[in-house]
Structure formats: structure tokens, C-alpha cells
């Protein structure tokens with residue numbers, strides 16, 4: 001997985017919806033690769049988590065990036081980390 005492929009997946013349209021808690025389910029995927037990373041910040045209706053560089057370096061698979069996208073996770077407004085609306 002490289003940053004270009006990661007970004008391509010995260011910017012793709014969601015074809016199937018996720019059922020369940022998208023924040024919690026996404027954090028489970030993130031902590032599979034980065035056990036010491038969880039919610040790194042929060043705003044009114046959004047949470048922030050791992051940096052893109054960290055999770056790619058930790059070896060996230062295309063399948064898990066696709067799952068995060070299905071859960072409505074996205075790249076944050078700075079283009080550096082993961083975020084999800086709650």
C-alpha cells in the first residue's frame with residue numbers, strides 16, 4: 001500500500017453502506033495496525049485518528065482501507081490523517 005493508492009480508495013464513492021458503529025469499527029481496524037493510536041482529537045461532530053503515513057508504514061492492507069472507506073472514514077481536511085463524522 002502506498003499513499004497514492006490509499007488516497008484513491010479513500011476518495012472513491014461508497015458503493016455499499018456499513019451497518020453498525022462506523023467510528024468504533026474503524027478504530028478497531030486502525031488499532032490492529034497501530035495499537036497505541038485511537039482517537040487523536042475531536043471536534044463538534046468529527047473524530048480524528050492515525051496519520052496516513054503511520055498507518056501505511058504499519059502495513060494496512062487494501063482490504064482494510066476499503067473497509068474504512070465503507071465505514072465513512074476519510075482523509076482529514078489537512079490531508080494528513082484519518083477522520084470520521086459521528
Most to least packed among 67-77, 38-48 [average Cβ atoms within 10 Å]: 67-77, 38-48
For the range 1-51: span of alpha carbons on each principal axis (Å, largest first): 26, 24, 21
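What value, in deg cm²/dmol to 500, does the helix sum -39500 (n - 2.57) over DSSP H runs of n ≥ 4 give at 222 nm once divided by the residues of the chain?
On the way: 4 runs with 35 residues, N = 86.
After summing the helix terms and dividing by the residues of the chain, the value is -11500 deg cm²/dmol.
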Mean-square fluctuation check for the chain, GNM, Cα pairs under 10 Å: which of 61, 19, 31 is largest? 19
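Over the chain, what relative contact order in percent results from Cα pairs under 8 Å that are six or more residues apart? Intermediate results must be reported in sequence, preceding the final value.
Working: 124 pairs, mean separation 33.1, N = 86.
Worked out over the chain, it gives 38 percent.
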State, to one decimal in nm², a quarter of the convex hull surface area for the C-alpha atoms of the chain, i.e. the direction-averaged projected area. 5.0
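Each value in this text was obtained by applying a stated rule to the coordinates, not by laboratory testing. Here the structure is a predicted model, which is why all the values come from computation and not from measurement. FYI the Cβ positions are ideal-geometry reconstructions off the backbone, even for glycines, and counts take in every protein chain you see.
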